[in-house]
1. Looking at segment 244-288 only, could you name the residues that are farther than 21 Å from Asp313 by Cα and of a type in the set (A, V, I, L, M, F, W, C)?
2. Can you confirm whether segment 361-382 contains a residue that is free of Cβ contacts under 8 Å to residues at least 24 places away in the same chain and either in contact with a strand residue (DSSP E or B) (Cβ under 6 Å, 6 or more places away or on another chain) or not hydrophobic (A, V, I, L, M, F, W, C) (or both)?
3. Among the residues of segment 228-269, how many are farther than 24 Å from Asp364 by Cα and in contact (Cβ under 8 Å) with a residue 24 or more places away in the chain?
4. Could you tell me which of the residues Ala380, Ala320 is in contact with a His (Cβ under 7 Å, 6 or more places away or on another chain), at pLDDT 95 or above, closer than 20 Å to His63 by Cα and assigned by TED's automatic domain parsing to the domain that holds Phe93?
5. Find the residue count for segment 356-379, including only residues that are part of a helix (DSSP H, G or I) and either surrounded by fewer than 24 Cβ atoms within 10 Å (Cβ to Cβ) or aromatic (Phe, Trp, Tyr) (or both).
6. Within segment 305-342, track down each residue that is in a helix (DSSP H, G or I) and either touching a strand residue (DSSP E or B) at 6+ places or on another chain (Cβ under 6 Å) or within 19 Å of Asp65 (Cβ to Cβ) (or both).
7. Name the residues in segment 238-269 that are touching a helix residue (DSSP H, G or I) at 6+ places or on another chain (Cβ under 7 Å) and not aliphatic (A, V, I, L, M), would you?
8. Among the residues of segment 114-129, is there at least one that is in a strand (DSSP E or B), surrounded by 14 or more Cβ atoms within 10 Å (Cβ to Cβ) and assigned by TED's automatic domain parsing to the domain that holds Val404?
Amino acid sequence: MGTLILRIIAGILGFLGLALILFLWLAPPRVDASMNPVVPHAPYEISEEARALHATIPVADLHADSLLWNRDLLKRNDYGHVDIPRLREGGVFLQMFTAVTKTPKGQNYDENDGSTDNIRTLAMAQRWPRRTWDSRTERAIYQAEKLAGFAEDSQVGRDGLAPLEIVRTSADLDELLRIWTGGIELEVLSADGGTTPVSLRGVAAILGTEGSHALDGDLANIDRLFDAGYRVMGLHHFFDNKLGGSLHGTSGEGLTEFGRAAVSRMREKDIIIDVAHSSEQVVREVLAMGAGPLIVSHTGFDGHCPSPRNISDETMEMIAEDGGLIGVGFWEDVTCDASPAGIADAIMWGANRFGVDHIALGSDFDGTVTTELDASELAAITQALMDAGMEDDDIRKVMGGNAVRFFLENLPEG
């Protein structure tokens, strides 16, 4: 009887172990696919004129949360929004990858507190290292390590050039832009013994944090994250933190003493500050500190699409007047229309209101949003801007030129 019971227990434990393995293997990709959908649509019609123009633009996007998910970014995936093959298909030269390190349960645009932590559960389910379970700093460092691994694995074997390169200085970006502009190709051996031209027009990646709760409340972690490759730091996400109030928090307050010290240290390191989720009071106080120019990496315009996700036009105007850069999002909550035409309409509105030199793309790809295109289809926005009557030179600016210029001017020189 005892042996039978032991066998039953062993069987149950074996079944539970198998169930756990299947859960850890199958659940994260399904969660990723369900939370980052693309609305089914027929292929967008792109004219020859739009394709030709798009091919001349070093397309840049200020926000993608792709490192949060256990997705191989070097392979073309049939779910989610971003991977390197799709970025290259979409003509993307520069992509900012942002590290999400904490989100609250019941996340919304109106009011959240910071007492809960969805990312801990996700980190465990995706089999992230144990060090990431209780440290937001370690979660950011791990996501930087993931990107570095992708960059290393993407090497093509000559002169250190690769389809994916991480940008840390303006010199890095300038060199990669020279290669992109020159359309440099490498002849590599093919399977039949001949040679095949491989374009070295790769993707330049910049690392940013989605909120400075990634510091774990310690100013010394600014240096740790800088050393890990982070060159942009968001101050807030969906909840108030030690630096001050979030746009979606409970206080609406400005910077704390710790927040001011953090902003000062970031600027000493030439780290660019992102205020996409900060309270309006925080934004105004950061500007008053002379800590700009700032970026708003993913947003819409309140005068164009009234939403609690969008800060006021008055505050946005202050950011633009200080030389800042505003990334227009690709989801309905910030544009009121997530189609390529709707995104183009938001871009046009922002360019007319705040100046075309201050507008960029800020997709929020893979940030648990529903979009009507993925990274491979960005030429559809170029087409929509042409259809809306924007001049070619201005299209080049908003689709990438402004962002590239901004980073060339504001990254550490190196």
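The values are calculated or read from the model by the stated rules, or taken from the named source; none is laboratory data. Note that the structure is a prediction, hence the values are computed from the model and not measured. Counting neighbours? That spans all protein chains shown, and the Cβs are built from the backbone with ideal geometry, glycine included.
1. Residues satisfying the conditions are Phe258, Ala261, Ala262, Val263, Met266, Ile271, Ile272.
2. no
3. Count: 14.
4. Among Ala380, Ala320, only Ala320 is in contact with a His (Cβ under 7 Å, 6 or more places away or on another chain), at pLDDT 95 or above, closer than 20 Å to His63 by Cα and assigned by TED's automatic domain parsing to the domain that holds Phe93.
5. Count: 4.
6. Of all residues in segment 305-342, those in a helix (DSSP H, G or I) come to 313-321, 332-335, 340-342.
Of everything in segment 305-342, those that are in a helix (DSSP H, G or I) and either touching a strand residue (DSSP E or B) at 6+ places or on another chain (Cβ under 6 Å) or within 19 Å of Asp65 (Cβ to Cβ) (or both) turn out to be Glu332, Asp333, Val334, Thr335.
7. Residues satisfying the conditions are Asn241, Lys242, Gly244, Gly245, Gly252, Glu253, Gly254, Arg265, Lys269.
8. In the first step, residues of segment 114-129 are kept if they are in a strand (DSSP E or B); the result is none.
Scanning segment 114-129, I find no residue that is in a strand (DSSP E or B), surrounded by 14 or more Cβ atoms within 10 Å (Cβ to Cβ) and assigned by TED's automatic domain parsing to the domain that holds Val404, so the answer is no.
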